[in-house]
Amino acid sequence: MRTILTALSFFLLITYISAQDNIIIRKSFLSVNYLQVKESANFGLVFKGAGLDHGMAWSLDNDRSRMIYEYELGLGILFSREIPALGFHLKPVDIAYLFKLRVQNSLFHIGPDLRVEYNYNLYPDLQSGFDYWFTNLSLGINVMYDFNHANSAFYIKLSSSVAGFTSRQPDYRDPYFYDLGVKHAIRHLNQDLTFGLINKFNSTNLEIRWKPNSDSRLTFGYVLKYSGYFMAPEITMVNHSIKLIVNKKQKQND
């Protein structure tokens, strides 16, 4: 946990020091999702359904680097064999500090990524008294590629966790005692955080964006998200998203 907080402080310090010559770009986005969740502790059923996410992102660009901060909040309604479930997703922190690399006429960005994600699921018809969660605070690698074709702009991003801290519900819980409610959810999501590498968990995102022309304030994207926890109780989450991004006006910070 201390490692994650130290890394966060380091990223914020870099932002403060370099902010004088940055171009600040602000975006808001809305995603329509198709989510699949396989929770081994929930009889191994695969729940599928639609969801909606909203978030904002800030990008600080200069000639040498790009700094990105993003947050996201989402809700999904899932079903398996006509059994309903609710899924909540919160990503309060997603920070990347990327170095710019020019290869001929192409522009690449690569650097470390710090992410905090909470996933919280309820299965009222199956497990009315129990909640299920997967929390990860991870450090990873982020790679981006920007290029133009004709009058359109394209953006490809791949990020993947390498190490971090995770929290999961116990593999076994007493069936006669349980806790629900907002207070208990917050406590559960942050309890018993343990360190692990890529052999314990992984969170990987692939995003492709298309901006029709340089004057457009709208960008369209496709996002594929994968999250997996490989120890008991295992969980696998796959999310396909269509993303609408509204580009705000750029601000020169000098």
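Each reported figure results from applying straightforward, stated rules to the coordinates on display, with no laboratory input. As the structure is a prediction and not an experimental result, all values here were calculated from the model. All Cβ positions, glycine included, derive from the backbone under ideal geometry; neighbour counts span all protein chains shown.
Taking each residue as 0.36 nm, the span from TRP210 to ILE77 lengthens on full extension beyond its C-alpha to C-alpha distance by 45.1 nm. How would you classify region 115-170 from its alpha-carbon gyration tensor, with a ≥ b ≥ c the square roots of the eigenvalues: rounded for a/c under 1.5, else prolate if a/b is greater than b/c, otherwise oblate? Taking the square roots of the gyration eigenvalues as a ≥ b ≥ c, region 115-170 is oblate. Taking the helices alone, the chain has a mean residue ellipticity at 222 nm of -3000 deg cm²/dmol, built from -39,500 (n - 2.57) per DSSP H run of at least 4 residues and averaged over all its residues. Listed by chain and number, the lysines whose alpha-carbon sits under 29 Å from that of LYS157, ignoring those within fewer than 8 places in the same chain, are LYS27, LYS38, LYS48, LYS91, LYS100, LYS200, LYS211, LYS225, LYS243, LYS248, LYS249, LYS251.
For helix 2-18, report the angle its Cα long axis makes with the longest principal axis of the Cα atoms of the chain; keep it between 0 and 90° and round to the nearest 10°. Approximately 20 degrees, to the nearest 10. Using the Cβ of LEU30 as centre and a radius below 12 Å, the other residues enclosed give a net charge of 0, where K and R count +1 and D and E count -1.
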